[in-house]
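The values are calculated or read from the model by the stated rules, or taken from the named source; none is laboratory data. Small disclaimer: the values here were computed from a predicted structure and weren't measured. Cβ: placed from backbone, ideal geometry, glycine included. Neighbour counts: every protein chain shown. For the accessible areas, the whole protein counts, side chains as well, though only heavy atoms, and no ligand, DNA or RNA atoms are used. Shrake-Rupley method; radii C 1.70, N 1.55, O 1.52, S 1.80 Å.
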Amino acid sequence: MAETTAKSPSQEGYLEKLLELGQLMNSTLELKQVLDIAMEQVIKFVGAERGFILLVDVATGKVWGEAMHQIDRSALEAAFSGREGGNQAEISKTIVESVLTTRQPVISYNAMEDPRFASRQSVQFHNLRSVLCVPLLVRDKLLGVIYLDNRLKTGVFSEEHLHMLQAFSNQAATALENARLYENLRRSLEERLRLQDELHKQETQRLAMEEANRLKSDFIGFVAHELRNPLTTIRGYIQTILADTDHSLDEETKQEFYRAIEADADRLLDMINELLDVSRLEAGRPLTLAIREVDIRAILERLVNRYRYYKFYTDRHQLVLDVAEDVPRTIEADEDKLTMIFSNLISNALKYSPNGGEVRISVRREGDALLVRVSDQGVGMTQEECARLFRPYERLEREEIRNIQGTGLGLYLVKHLVDLHKGTISVESAPGRGSTFTVCLPIQAQQVS
């Protein structure tokens, strides 16, 4: 039988797919979903017949399978538990154990002739041909391995496949670590909320309210885990660039990576500033404005470009910026605060449009004021929900958006910043028909005292 080589995507297709995979894995912080997405996508990405992801308990060294394709779960668990003398999972334990021990990737072009495990009966009997196995590492901490194989009928992996899998594993390991950290934070928060409920039952209303306020302040610290999402993408891009020792990335692709890194770094800074501003408000310290002439069009263009790299932005979304001709080039305002206002509104429009649609930012002049409308075609809100929207820690709890993470602080801060500019903000919405937020800002500084 003639030897075949497993197909690899083109350079352009490979890089696009790598970016897409990073966004998919960062779209959730639920551990099982991250693993299932990683397993499903890596099989398609590399073109493998079978595979699994093996996790390692850092404290005990215990290993177990969490996601698998075309491999029986019970047989895999038996193979690595020591309870089974044979190898019903029909895989190469030798390669997996080597990667777990050395933390180095392994590739075999022909398992049936490879002296490392050719003697395995399951390898010969089941015609295992080509095997790939790479570690999942985060800051020198071993989280597990990704194992893939092809049988005789499928083809042979190449060094290119190994490089592809290593690039993917960098992103997968970071997403996996984020999911674990999120799970620990979630459990901690649930325990604190449980204690709060007990205090309400056991103590007076006054003491219960004091504890609730303390927990609300603690909540700001818990939601800081959301800052990890942009870091995941940034780290994945940087590791891919650093791994490009043979200079296979062209300059245009590198520039695209740099733009994505810059966009997520800006979002990271925005979230930090948002949390700091909310903390000041919670402590009773007023926020101040640094008024100067700012180019409102440039601010919005920068945000539109940034949010094309947002984890909730998909190919089903369209971001449209529509600025009327009579809009002045500059207005007098605080540039950082305006960026925070419209960053929140655009991100919410994308986040709460899970099925895609147009997100339109329109800018019009109305006398001495500027009207900026951010409209989406998303899930929309009831009038009751709109009335509660600008309160701190307020979150929509409907079933279709229950899994969308958020702090409940963004619109509360937006309302405060618009008020500081002596402006107004309003919302029009209906369930299933999208939402439109309208911000009215004075053009001249003398109206901002």
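Observations on the model:
- The heavy atoms of T233 present about 30 square angstrom of accessible area, all protein chains included, probe 1.4 Å.
- Here the spin labels are modelled as points 7 Å beyond Cα on the Cα-Cβ line, and at A290 and T382 they lie 4.4 nm apart.
- Spin-label model, I272 to N355: label points 7 Å out along the Cα-to-beta-carbon direction sit 3.9 nm apart.
- With a cut-off of 13 Å between beta carbons, the residues surrounding S426 carry a summed charge of 0, where Lys and Arg count +1 and Asp and Glu -1.
- Most tightly packed first, judged by the mean number of other beta-carbon atoms within 10 Å of their residues, the peptides 293-299, 60-66 read 293-299, 60-66.
- From most to least packed by mean Cβ count within 10 Å, the peptides 69-75, 359-365 give 359-365, 69-75.
- 22 Å Cα-Cα threshold exceeded, pairs from K141/K351; K32/K62; K337/K415; K32/K141; K141/K311: K141/K351; K141/K311
- Separation of alpha-carbon centers, the range 182-198 and the range 30-58, rounded to whole Å: 29 Å
- Take each peptide in 167-173, 139-145, 263-269, count the other Cβ atoms within 10 Å of every residue, and average; sorted highest first, the result is 167-173, 263-269, 139-145.
- Spin-label model, V58 to Q255: label points 7 Å out along the Cα-to-beta-carbon direction sit 4.0 nm apart.
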